[in-house]
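**Q** Shown below is the structure under consideration.
The values are calculated or read from the model by the stated rules, or taken from the named source; none is laboratory data. Here the structure is a predicted model, which is why all the values come from computation and not from measurement. Glycine also receives a Cβ, built like all others from the backbone with ideal geometry; neighbour counts cover every protein chain displayed. These area figures cover heavy atoms from the full protein model, side chains too; ligands, DNA and RNA do not enter into them. Shrake-Rupley method; radii C 1.70, N 1.55, O 1.52, S 1.80 Å.
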Amino acid sequence: MRMHEGVEWALHSCLNLAWAGPEHAVPAARLAAYHDLPAAYLNKQLQALARAGIVSSVPGPRGGFRLARRPEDVTVMDVVAAIEGSEHAFRCAEIRQQGPGAGMQDSYRDPCTVSQAMRRAELAWRRELAGQTLADIKATAERTAPGVPARVSRWFADARA
């Protein structure tokens, strides 16, 4: 399964909003500029995050985005679902009921074993993403690159000055 680049952009934006702090909203253009991303496309990802209640949108000249929930309350799966949707990645079309095997009732009486295997794998993937929060990613980033949070916070604060 391949996720769209918008998932990466959304996760990094959420992380940057966590470091920017809840006091000030950050404009989409400023969030996009930090990673040299197209602002219009990132704005679409931010709107999807806002619809999911992960970020909130603040209108006006000092407006922008901020996290709507604490980092501890945002899972990676929340962000993935906001950007990619919550539909199953694998869709069983019951092809075993086509072709020469179509007339063999015993070959498709039970649930499709291919579908079952794919659903188990997807469930494991979703559980793993749901078990990691933005706070977990933030803590790991702060441990591995301790200077980054302060630099990010300053960079976004300089835009407000």
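**Q** (1) open to solvent by 30 Å² or more (accessible area, probe 1.4 Å); (2) in a helix (DSSP H, G or I); (3) among the small types (Gly, Ala, Ser): which one isn't true of SER13, the others all being true?
**A** Answer for SER13: the failing condition is (1).
**Q** Out of all the residues in the stretch 67-74, is one or more of a type in the set (A, V, I, L, M) and touching a residue at least 40 places away in the same chain (Cβ under 8 Å)? Break it down into steps so the answer makes sense when it comes.
**A** Here is the first cut: in the stretch 67-74, the residues of a type in the set (A, V, I, L, M) are 67-68, 74.
Next, from what is left, pick out any that are touching a residue at least 40 places away in the same chain (Cβ under 8 Å): 67, 74.
Within the stretch 67-74 (the criterion being of a type in the set (A, V, I, L, M) and touching a residue at least 40 places away in the same chain (Cβ under 8 Å)), the answer is yes, since at least one residue qualifies.
**Q** Pick from THR113, THR133, THR144: which is closer than 30 Å to HIS35 by Cβ, among the hydroxyl-bearing types (Ser, Thr, Tyr) and over 21 Å from the mean Cα position of the chain (by Cα)?
**A** THR144
**Q** Within the set of pairs 6+ apart or on separate chains, which have a first residue in the stretch 136-157 that is within 19 Å of ARG62 (Cβ to Cβ), a second that is modelled with pLDDT under 95 and in a loop (DSSP other than H, G, I, E, B), and C-beta atoms under 7 Å apart?
**A** If the second residue must be modelled with pLDDT under 95 and in a loop (DSSP other than H, G, I, E, B), the pairs left are SER153/GLY21.
**Q** Looking only at the stretch 132-139, decide whether some residue is modelled with pLDDT under 90 and open to solvent by 50 Å² or more (accessible area, probe 1.4 Å). Don't jump to the end; show me each part of the working.
**A** The first filter runs over the stretch 132-139 and keeps only residues modelled with pLDDT under 90, leaving none.
For the stretch 132-139, residues modelled with pLDDT under 90 and open to solvent by 50 Å² or more (accessible area, probe 1.4 Å): absent.
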